[in-house]
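Contents: one structure, followed by commentary.
The values are calculated or read from the model by the stated rules, or taken from the named source; none is laboratory data. Predicted model only: the values in this text are computed from it and were never measured. With ideal geometry, Cβ positions are generated from the backbone for all residues, glycine too; neighbour counts draw on all protein chains shown. Ligands, DNA and RNA are excluded from the accessible area calculation, which covers all protein heavy atoms including side chains. Shrake-Rupley method; radii C 1.70, N 1.55, O 1.52, S 1.80 Å.
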Amino acid sequence: MRGLKIFAATALAGFVAFSGGAEAKDTLRLMTVFDAPTVKLWEPVLAAYNAANPDVEVKMETVAGSGAAVYPDVLRTSMASGDPPDVFFMWGGEIAGPFIKAGQVEPLDAYYEKYGWEKVVAPWTIDRITRDGHKYGVPFHARGMGLWYRVDLFEKYGLSEPKTYDDLANICSTFKKDGIYCASFGGKFGWQTMRLLDYFTETTCGPEEHDKLNMLQSSWNQPCVVAAYDRMAQWVKDGWLVPDFLNVAPNDARMPVYSGDAAMVFEGGWFEGVLKSDEQPLENYKFFLPPTGHTPVRYSAFPEQWMIPTSSKHKDQAAALINWMTIADTQKQYPEAFTASATIGVESDCAVAPRDCEWKKLLTSDSATYPPTDQAFTKELIDGFFEVQDGVVAGKITPADAAAQMQAKAEAWKAKQKS
C-alpha cells in the first residue's frame, strides 16, 4: 500500500514495524505481538486511520513468535527507558498485572464513560480485564483454545470427536499403533505445553478445585495434581506426543501435523488464519473442546486487550485510536484483521472463516471457561510452573515430586508478598 512500508525496528528477532507517510505530525506508536501475515492484514487498517486523521501517524511495532515469554520484557524496557508505545497489546490476568501494580498503565474508566465501551464489547471480557474495580484495558480479542485435528486421519481410522477423556485416550492409542503421534507441541517458552497440563488439571481436579489452585487457595501438593502430572508423564512415555519437543518453537509444532506425522495440535481460533497463510486445506482441519468429565464442561479462554501507558504523551489520541479499532463499523470493513473480535455485533463470515464462526458462537455463549495458568500466575510463579512441568516432560521429576515442588514455589511466592 502506498506510503506504507515494513522496516526493521530493532535488532530483536521478529521485531518489525510499519508506518504511513513522512510528514511532521504526532506519532502514535502501537506495539503488538502480531506475526508477519497479521501485520500485512493490518496495513490497510492503519493506513485508513492515518488518512482519516492527517494530524496523526500511527506506527506499528511488533514482537512476534515468543508469546508472553519475551514481549512483556520488551515493554518493561521501553517503559523504563522513558520511551513507551502509546498503545500496546496485552493479555489479561497476571501477565498485565505487573504493569498495573507498577502504576505504568493508565486507568481507562473516564474513557469508558466517554466512548461507552461497556456496551460495545462482550461483558465477560471486561470482567476478566477489570482489576480492583478499575478498567485498565479495552478487550480486543475473545480467545478460546481446543484441539485441532486432521479430518482425513480421523476418517481413515474411523474416529470421531471424543466425548470423554477415555475416548481421547483411545484416539491417541489408535494413532500410536500405526506410528502416528497423537499430538504435536512446541515446548519452547512453556506456554503451549501448559495448555495440555491445564486440561489435565481441569479433568483430574475438577472446575472448583482448579480455580482454587490458580488462586493459590488450595495446595498443589494433593492427589488430583499428582494425577495431572502423571497424565502428562504417561502421554510422553506412551509416545503419544512428538518426542523431544521441549526445545521446539510453538510455531514449528504445526509442521508434524501438516506432514501427517501427528494428528492434533492444541491451538486457539487464530489457527484458522495460520492454516490459510500456510496454504493448508481448511476443510481438512476441525477442532473440538477436550472433554473433562465434569459439569460444567469448561474450556480454556482468555481476552486480549489494548492498554495505554501512563507515560504516553498522547493519551487522548491513543484512546481515540483504541475506540476506532474497537467499534463495529471499523471492524466490519476489515474482517480478516478482526477475527475473534470481542466487539458485540461483529460476526465472522462463515463462508470465509468457518472455524472462526464456530468459535464466535462458543465465545458469546454461556459456556464456562477457565483461564490459562500464565494468566492466573505472576511471571515469577509461572516461570516456576514451567520449570516443574518441563521437568516432568523430561522425566527428571516424578509426578509426586512435581506436585510438592509446585506447592513449595507457591508458598515461597506467598511469603514474599507478605514481606
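Structural remarks
- Using C-alpha pairs below 8 Å separated by at least 6 residues, the relative contact order for the chain is 23 percent.
- Surface per residue (accessible, 1.4 Å probe) for the chain, Å²: 42 Å²
- Within the assembled protein chains, the solvent-accessible surface assigned to residue 241 is about 10 Å², based on a 1.4 Å probe.
- Compared with the dominant principal axis of the Cα atoms in the chain, helix 165-177 is inclined by about 80°.
- Dipole magnitude of segment 297-419 about its Cα centre (Cβ charges: Lys, Arg +1; Asp, Glu -1), debye to nearest 20: 420 debye
- Shape of segment 68-175, Cα gyration tensor, a/c cut at 1.5: prolate
- 5 angstrom amide H check on residue 286, placed H, neighbours 5+ away: 149, 151
- Rounded to the nearest 10 degrees, the inclination of helix 354-363 to the longest alpha-carbon principal axis of the chain is 90 degrees.
- Of the accessible area of the chain, computed with a 1.4 Å probe over protein heavy atoms only, carbon and sulfur atoms account for 51 percent.
- Net charge dipole, the chain: roughly 420 debye, given to the nearest 20, about the Cα centre with Cβ charges of +1 for Lys and Arg and -1 for Asp and Glu.
- Considering only 51, 318, 368, the mean-square fluctuation computed in a Gaussian network model of the chain, springs between alpha carbons under 10 angstrom, is largest for 51.
- Dipole of the chain [Lys/Arg +1, Asp/Glu -1 at C-beta], most positive-end residue of 296, 181, 372: 372
- When each of 177/212; 276/360; 119/332; 188/396 is checked by Cα-Cα distance, pairs over 27 Å: 177/212
- Tilt relative to the chain, helix 379-393 - C-alpha long axis, 0 to 90 degrees, to 10: 30 degrees
- Neighbour-limited loop hits for GluC sites (Glu not before Pro), segment 234-342 (at most 10 other Cβ within 10 Å; DSSP other than H, G, I, E, B): 279
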